[in-house]
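What follows is a set of notes on a single structure, which appears directly below.
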Amino acid sequence: MGKSSIIVRYIYNTFSNEYVPTLEDQYNKCERVDDGLYNLNILDTSGTEDFFSLMHVWMLNKDALILAFSVEDKEHFKALEKFNQNIKHYDPNNEIPKVIIANKTDLKKRAVTFEEGKAFADSMNAGYFEASAKLNKNITEVFVHLVKIIRDKRKIEQEKERKEDPRNREAGQGRKKEEEQTQSFSAWFFNKCNLI
Ligand SMILES: Nc1nc2c(ncn2[C@@H]2O[C@H](COP(=O)(O)OP(=O)(O)OP(=O)(O)O)[C@@H](O)[C@H]2O)c(=O)[nH]1
Ligand SMILES: [Mg+2]
């Protein structure tokens, strides 16, 4: 499907035609988005069904989920639709931000159309990116997109917590200004961004 190739392209900006099956790998990258620095922990998982029993561990404390399929392979796509049923079990209210990557769009022969991929992503309320790890097409965009979603989600949650805390009401606007200034200079740390 190209999960590892997508991550390796994103982290090291390289690509290999060689296929090395993944058991489980962790990657880190610091990404600048707008005025903020974000540390991304990315968990690369196995696409082999034998390892799907580990899914409950993969899903623990994740801020985002990326699902990838190869556009040349209809079976991969169908398997991903089935896989989504398992995800629902761990995220029943669809609260974790998700992205679907249609990978290998550099290949001439396609078995899954843009419309099919997009309809699947829409049905999950997920973002949709047509990408190629080989050509470095739409790779960084996926991660930046997710950082923005997580950042905005956290801002809303923090603001809600701040408003609900009576100690913060007294501090008022002055405090808010101070917070904004601090944030633009400090790094934000996200939990793992899971690529399945
Ligand atoms: N043409 C083309 N080939 C790709 C692309 N991305 C990955 N591949 C190839 O597809 C094969 C599988 O890629 P991997 O990244 O190892 O796939 P994976 O999803 O990590 O596989 P597992 O770890 O077994 O789950 C490799 O031979 C890659 O070189 C792409 O964008 N275009
Ligand atoms: Mg892999």
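Just so it is clear, none of the values below were taken in a lab; they were calculated from the coordinates. Only a predicted model underlies this, so the values are computations on that prediction, with no experimental measurement involved. Using ideal geometry, Cβ is built from the backbone for each residue, glycine included, and neighbour counts are taken over all protein chains shown.
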Note to self: Give me the extension gain from residue 75 to residue 19: residue separation times 0.36 nm, minus the current Cα-Cα distance, reported in nm with one decimal.
What the structure shows: 18.3 nm
Check: Using a basic spin-label model with each label point 7 Å from the Cα along Cα→Cβ, how many nm lie between residue 155 and residue 109?
Finding: 4.6
Next item on the list: Excluding residues fewer than 8 places away in the same chain, name every one of the aspartates and glutamates whose C-alpha is closer than 15 Å to that of residue 104.
Entry: 18, 72, 73, 75, 130
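Could you give the Stokes-Einstein D for the chain in µm² per second, using the C-alpha Kirkwood radius, 4 °C, 1.567 mPa s?
72
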Item checked: Euclidean distance of C-alpha centroids, region 1-73 and region 130-153, integer Å -> 12
Check: Under 20 Å from the Cα of residue 163, which aspartates and glutamates turn up, not counting those fewer than eight places away in the same chain?
Finding: 152, 178, 179, 180
Check: Which net charge results for the neighbourhood of residue 115, defined as the other residues with beta-carbon distances under 12 angstrom from its beta-carbon, given Lys and Arg at +1 and Asp and Glu at -1?
Finding: -1
Checklist line | Among the listed pairs 29/78; 62/155; 74/153; 82/160, those beyond 28 Å (Cα-Cα) | finding: 29/78; 74/153; 82/160
Checklist line | Charge tally in the Cβ shell below 12 Å around residue 31, where Lys, Arg are +1 and Asp, Glu are -1, residue 31 excluded | finding: +2
Next item on the list: State whether region 15-57 is rounded, prolate or oblate according to the following rule on the C-alpha gyration tensor (a ≥ b ≥ c being the square roots of its eigenvalues): a/c under 1.5 gives rounded; otherwise a/b larger than b/c gives prolate, and the remaining case gives oblate.
Entry: oblate
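Take every DSSP beta bridge with both residues inside the chain and express the antiparallel ones as a percent of the total, to the nearest 5.
Numbers: 11 of 31 bridges.
Around 35 percent antiparallel, to the nearest 5.
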Next item on the list: Tell me what the chain gives for mean residue ellipticity at 222 nm when only DSSP H runs of n ≥ 4 count, each as -39,500 (n - 2.57), the sum divided by the residue total, rounded to 500 deg cm²/dmol.
Entry: -14000 deg cm²/dmol
Notebook entry, point to check: What shape does region 1-91 take by its C-alpha gyration tensor, where a ≥ b ≥ c are the square roots of the eigenvalues and a/c under 1.5 counts as rounded, a/b above b/c as prolate, and the rest as oblate?
Noted result: oblate
Check: How high is the relative contact order of region 1-141, given as a whole-number percent (alpha carbon pairs under 8 Å, six or more residues apart)?
Finding: 25
Checklist line | Order of 69, 51 under a 10 Å beta carbon neighbour criterion, fewest first | finding: 51, 69
Next item on the list: Using a 10 angstrom cutoff on alpha carbons, build the Gaussian network for the chain and name the most mobile of 162, 151, 110.
Entry: 162
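When only DSSP loop residues count, what GluC sites (Glu not before Pro) in region 45-98 have their Cβ near at most 15 other Cβ atoms within 10 Å?
Details: sites: 49, 72, 75, 81, 95; in loops: 72, 95.
For GluC sites (Glu not before Pro) across region 45-98 that sit outside H, G, I, E and B with at most 15 neighbouring Cβ atoms in 10 Å, the list reads 95.
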